[in-house]
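Written out below as structure tokens is the structure these notes cover.
Laboratory data are not the source of any read-out in this text; all were calculated from the coordinates shown. Just so you know, these numbers come straight off a predicted model, no measurement behind them. Counting neighbours? That spans all protein chains shown, and the Cβs are built from the backbone with ideal geometry, glycine included.
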Amino acid sequence: MKQPQDCQNIKEIRVAIDSLERDIITKLGKRFEYVKAAAKFKNSKEDVKGVDRFNSMLQQRRVWAEENNLHPDVVEKLYRDLVNYFINEELQHWGKHTDEM
């Protein structure tokens, strides 16, 4: 993949963006696998929700956003939505795990 400054046309830029986004989505899928695996280590719905962890995670993502010249509010919203989705999925997975006990 070419560096942004080395792209000669919009097609090369779009190919690079598509490649990056495929990698991002693949990594999100891998993250989701860890989310589901974490359910077996949690003892309650409150553990799954992990409010303190959620808030500290959002703060760290804001820092990382700033380090990469991204708007921290935008990155926080992205992660807030994404992680809330994962929490809801983990709750379902956790519920199935506790039913098996």
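In the Gaussian network model of the chain, springs joining C-alpha atoms below 10 Å, which of Lys40, Lys27, Lys11 carries the largest mean-square fluctuation?
Lys11
What are the ³J(HN,Hα) values, in whole Hz, obtained from phi via the Karplus relation 6.51 cos²θ - 1.76 cosθ + 1.60 with θ = phi - 60°, for each residue of the range 14-21 in sequence order, with x given for Gly and Pro?
Per-residue couplings from phi come out as 5, 4, 5, 4, 4, 5, 4, 5 Hz.
Run lengths n ≥ 4 of DSSP H only: what is the helix-derived mean residue ellipticity at 222 nm for the chain, with -39500 (n - 2.57) per run over all residues, to the nearest 500?
Using -39500 (n - 2.57) per qualifying helix, the result is -27000 deg cm²/dmol.
Output the pairs from Lys2/Lys27; Lys2/Lys30; Lys42/Lys77; Lys11/Lys49 with a Cα-Cα distance over 32 Å in this structure; if there are none, say none. Working shown, then result.
On the way: Lys2/Lys27 21 Å; Lys2/Lys30 25 Å; Lys42/Lys77 25 Å; Lys11/Lys49 42 Å.
In this structure, Lys11/Lys49 exceed 32 Å between Cα atoms.
Let me have the relative contact order for the range 4-99, percent, based on Cα pairs under 8 Å that are six or more residues apart. Don't skip to the answer; put the middle values down first.
Details: 44 pairs, mean separation 32.2, N = 96.
The value is 33 percent.
Using a Förster distance of 30 Å, how high is the FRET efficiency between Leu58 and Val15, based on the Cβ-Cβ distance and rounded to 0.05?
On the way: r = 32 Å, r/R0 = 1.08.
With R0 = 30 Å, the Cβ-Cβ based efficiency is 0.40.
Percentage of Cα-Cα pair distances in the chain greater than 20 Å, rounded to whole percent? Kindly include the intermediate steps, with their values, before the conclusion.
Values: 2711 of 5050 pairs.
So the pairs more than 20 Å apart make up 54 percent of the total in the chain.
Per-residue HN-Hα couplings for the range 80-88, Karplus 6.51 cos²θ - 1.76 cosθ + 1.60 at θ = phi - 60°, whole Hz, x for Gly and Pro?
Calculated HN-Hα couplings, in order: 4, 5, 4, 6, 4, 4, 4, 4, 4 Hz.
Of the options Ala38, Val63, Ile25, report the single residue whose Cα projects farthest towards the positive end of the charge dipole of the range 4-99 (beta-carbon charges: Lys, Arg +1; Asp, Glu -1).
Among Ala38, Val63, Ile25, the one farthest towards the positive end of the dipole of the range 4-99 is Ala38.
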